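See below for the structure under consideration.
Any read-out appearing in this document is the output of simple, stated calculations on the displayed coordinates, not a laboratory observation. Everything quoted here is computed from the prediction, not taken from an experiment. Using ideal geometry, Cβ is built from the backbone for each residue, glycine included, and neighbour counts are taken over all protein chains shown.
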Amino acid sequence: MGVWQLIKSQFICLLLICYVFLVSGLIINLLQLCTLPLWPISKQLYRRINCRLGYSIASQMVALLEWWSGTECNLYSHPESYKYFGKESAIVVLNHNIEIDFLCGWTFCERFGVLGSSKVLAKKELAYVPLIGWMWYHLEIVFCKRKWEEDRRTVAQSLQNLRDYPENFWFLLHCEGTRFTEKKHQISMQVAESKGLPKLKHHLLPRTKGFNITVQNLRGPVTAVYDSTLNFRNNETPTLLGLLSGKKYHGDMYVRRIPMESIPEDEGECGAWLHKLYQEKDQFQEEYSQTGRFPGAVLTPARRPWTLLNWLFWASVLLYPLAGLLVRLVSSGSSATILTTAALCVAVSVGMRWMIGQTEIKKGSSYGNKDAPVNNN
């Protein structure tokens, strides 16, 4: 382990990163709250401002991956697809088996300039998570309860609201509905066998209703689906805690563009199309496991400096006064003051660890487990 890597792995670095992210995020959440009066006056201005404010939070996470840990994520694609990236609104279909796959999706958005306007279909509970969840509220993220009779109307309405969005956006969609685990995979393949569907080796069966309602309501403003398949080399299992410790990972992502007009409008045919897509994704993963590469050429765009500059801005704004405060506290010699400061540091660490825990596989949702209702529609 080199000296720089040793420094990055120290607890104090983790604490300072958490401090900058938490405090800057709460400040941005407050600024977002202050923009609410703009909505009835100019909805599009409200949206454009919140795209920039949301970017200021999300780009810190991307900076953590790109600049702090130095993680590489190569993009495999085809030149005819690549030329569209960042120039149109799209639905991005991602696999869901790694703790940081959402962050790799954000990095993909960042490289093509749509991170601030990117959208997701997220479980309702995430709306109550400070910073990210509160940011998503102002970005008009689509939340669902995973109860179809309730979601059918609310999700459709939320998607319809995005049809006049003033900027190109990518709607990131995990069609498997939950993160891959061996237990969930076993149950999913039992469902596949009962329904006469081909079994998948590297994925769960996709949930077709969520995909279909997204395509139905965004068809027109959204002109393509980007099929994205992610994997990491040498059987790496990256975690968010590993990134915070400065650990470097090596990812590869294959993205192919599928024009929206080639996706059936009929619900049943659209569901069959999605199942076929996942069978192809499974073949791509199998090819990767055997050859160490995806189809197409490596067309990875260069890292943009804005994520780093944004983080440096917040670090300079927040760390300088913190350092001055700590010096004054220590020099005061007050045991009570020092203990209070230590307690606040612990609180920051615990708060950040709780948010990290929301991404961990072992703490993932029970959706798709044996004790949860199994419904792959």
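Taking 8 Å as the Cα distance limit and 6 or more residues as the minimum spacing, I'd like the relative contact order of region 71-305 as a percentage.
In percent, rounded to a whole number, it is 33.
Principal axes first, then extents: for the Cα atoms of region 139-227, list largest minus smallest coordinate on each axis, whole Å, largest first.
43, 28, 22
Nearest 5 is fine: what % of DSSP beta bridges in region 71-305 come out antiparallel, could you say? All intermediate terms of the calculation are to be shown ahead of the outcome.
Numbers: 11 of 32 bridges.
Looking only at bridges with both residues in region 71-305, the antiparallel portion is about 35 percent.
I need the peptides 311-324, 8-21 ranked by packing, meaning the mean over residues of other C-beta atoms within 10 angstrom, with the highest value on top. Display every interim value, and only then the final one.
Details: 311-324: 13.9, 8-21: 16.9.
Highest mean packing first, the order is 8-21, 311-324.
Once you have a ≥ b ≥ c as the square roots of the Cα gyration tensor eigenvalues for region 71-305, tell me rounded if a/c is under 1.5, and otherwise prolate or oblate according to whether a/b is larger than b/c.
The shape class here is rounded.
Rounded, prolate or oblate: which fits region 78-192, taking a ≥ b ≥ c as square roots of the Cα gyration tensor eigenvalues, rounded meaning a/c under 1.5, else prolate when a/b beats b/c?
Taking the square roots of the gyration eigenvalues as a ≥ b ≥ c, region 78-192 is oblate.
Using r as the Cβ-Cβ distance of Val3 and Lys248, and R0 as 22 Å, what FRET efficiency do you calculate, to the nearest 0.05?
So the FRET efficiency works out to roughly 0.90.
Decide, for region 178-269, between rounded, prolate and oblate: order the square roots of the alpha carbon gyration tensor eigenvalues as a ≥ b ≥ c, take rounded if a/c falls under 1.5, and otherwise choose prolate if a/b is larger than b/c, else oblate.
It is oblate, given that a/c is not under 1.5 and a/b is not larger than b/c.
Under 18 Å between alpha carbons, and skipping anything fewer than 8 positions from Lys124 in its own chain: which aspartates and glutamates qualify?
In chain and number order, the partners are Glu140, Glu149, Glu150, Asp151, Glu176, Glu360.
When the chain is fully extended, how far beyond the present Cα-Cα distance does Leu309 get from Arg293, taking 0.36 nm per residue of separation?
So the chain would gain 2.5 nm between Leu309 and Arg293.
With the contact rule set at Cα under 8 Å and sequence spacing of 6 or more, what percent relative contact order holds for region 1-135?
With pairs under 8 Å counted, the relative contact order is 30 percent.
Pop a pseudo-label 7 angstrom from the Cα along the beta-carbon direction at both Ile12 and Asn235 and give the gap in nm to one decimal.
About 3.8 nm, to one decimal.
Sequence neighbours fewer than 8 away in the same chain don't count; with that in mind, list the lysines whose C-alpha is under 21 Å from Lys247.
Output for Lys247: Lys8, Lys362.
If I stretch the segment between Lys124 and Asn74 completely, what's the gain in nm (0.36 nm per residue apart, minus their alpha carbon distance), one decimal?
Extra length from Lys124 to Asn74 when fully extended: 14.8 nm.
Normalising by the residue count of region 89-181, find the relative contact order in percent from Cα pairs under 8 Å and 6+ residues apart.
Relative contact order of region 89-181: 50 percent.
Of the listed pairs Lys119/Lys209; Lys147/Lys195; Lys209/Lys248, which have alpha-carbon separations greater than 26 Å here?
In this structure, Lys209/Lys248 lie more than 26 Å apart at Cα.
Nearest 500 deg cm²/dmol is fine: what mean residue ellipticity at 222 nm does the chain get from its DSSP H runs of n ≥ 4 alone, each adding -39,500 (n - 2.57), divided by its residue count?
Values: 14 runs with 195 residues, N = 377.
Rounded to the nearest 500, the figure is -16500 deg cm²/dmol.
Taking a point 7 angstrom from the Cα of Gln44 along the C-beta vector, which residues in region 208-239 have backbone N less than 16 Å away?
Once the point is set 7 Å along Cα→Cβ of Gln44, 221 turn out to lie under 16 Å by backbone N, inside region 208-239.
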